[in-house]
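Participant: Have a look at the structure that comes next, please.
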Amino acid sequence: MRHLNLAIAVTAIAAAAAVSGAPAKANIVWDLSSQTGDLGPTASYTSGGYTITATGWLASTSVCSSPTYCFPVTSTDLYGKAEGGDESGLGIASDPSGEHEIYYPTEIQIDVSQPYAAGLRTYQFEMGSSTQGEAWSVIGSNTPISDGLPGTLLYNMNTDELTPHDLSGYKYYWFLYTGPLEGVGGSNVLLYKEFAAIPEPATWGLMGLGFAALAFAGYRRANARALAA
């Protein structure tokens, strides 16, 4: 019995080591197209035990002279699209074009504070529906947009789509349309369906040690019971 318990512990340790050595295969991916239609002002997505929350915001055009992030803001409904290709992801329900995408002056905030607190600090996103020169920008902040505080501009006036981009160091990320206001497509963009956490090797190493410790503790308890018997 002791040999069997030891084998179980060693197997668990080996499995943990395998996980820590292959972080690329252990990315945590949230599917932003898994909920469809009008989602209301907030929507939460859970993957691997980690939850991120999206919030839709509408800024007052009276204080914005150009497509940029601005305040004050009020909540607005999100919209989940699942039409395939670059038309799957998260947008805004009130889009006047009828495409249900992020348009000026709306923004989508992704709150990653829960996985951030657990040590997941790097994220990856893609944008969709921007093939006709429609531009998007991303802002990072450690406070929610409702606080009205400016953030750090991370990407500005990008026009690519379905191209992975990294985000790092912030608890909140704001996605907004910053392209021409008319004459280009629907003047809107979509936050693509795949939003991922990219764990750093050190994070997986610590998780591996945790798994190993649990396995060893289980072995110790089983061994003590066997000796007592």
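Participant: For Leu162, put the label point 7 Å out on the Cα→Cβ axis and report which residues of region 98-138 keep their amide N under 17 Å from it.
Facilitator: 125-134
Participant: When ranked by the protection proxy of mean other Cβ atoms within 10 Å per residue, highest first, what sequence do the peptides 167-175, 102-110 form?
Facilitator: 102-110, 167-175
Participant: Next up: Among 135-145, 177-187, how do they line up from the highest to the lowest mean number of other beta-carbon atoms within 10 Å?
Facilitator: Final packing ranking: 135-145, 177-187.
Participant: Rounded if a/c is under 1.5, else prolate if a/b beats b/c, else oblate: with a ≥ b ≥ c from the C-alpha gyration tensor eigenvalues square-rooted, which is region 50-154?
Facilitator: Oblate is the answer for region 50-154, as a/c is 1.5 or above yet b/c matches or exceeds a/b.
Participant: Relative to the present Cα-Cα distance, how much length would full extension add between Ser60 and Val184 at 0.36 nm per residue of separation?
Facilitator: Result for the pair: 42.4 nm of gain on full extension.
Participant: While we're on this one: Assuming a ≥ b ≥ c are the square roots of the Cα gyration tensor eigenvalues, decide whether region 130-175 counts as rounded (a/c under 1.5), prolate (otherwise, with a/b larger than b/c) or oblate.
Facilitator: Here region 130-175 falls in the prolate category.
Participant: For the ranges 91-98, 192-199, 27-34, 148-155, what's the packing order if you count other beta-carbon atoms within 10 Å of each residue, average per peptide, and put the highest first?
Facilitator: Those peptides, ordered most packed to least, come out 192-199, 27-34, 91-98, 148-155.
Values quoted throughout were computed directly from the atomic coordinates according to the rules given, and no laboratory measurement underlies them. Keep in mind the model is a prediction, meaning the values are calculated, not measured. Neighbour counts are summed over all protein chains in view; Cβ atoms, including those assigned to glycine, are modelled from backbone coordinates with ideal geometry.
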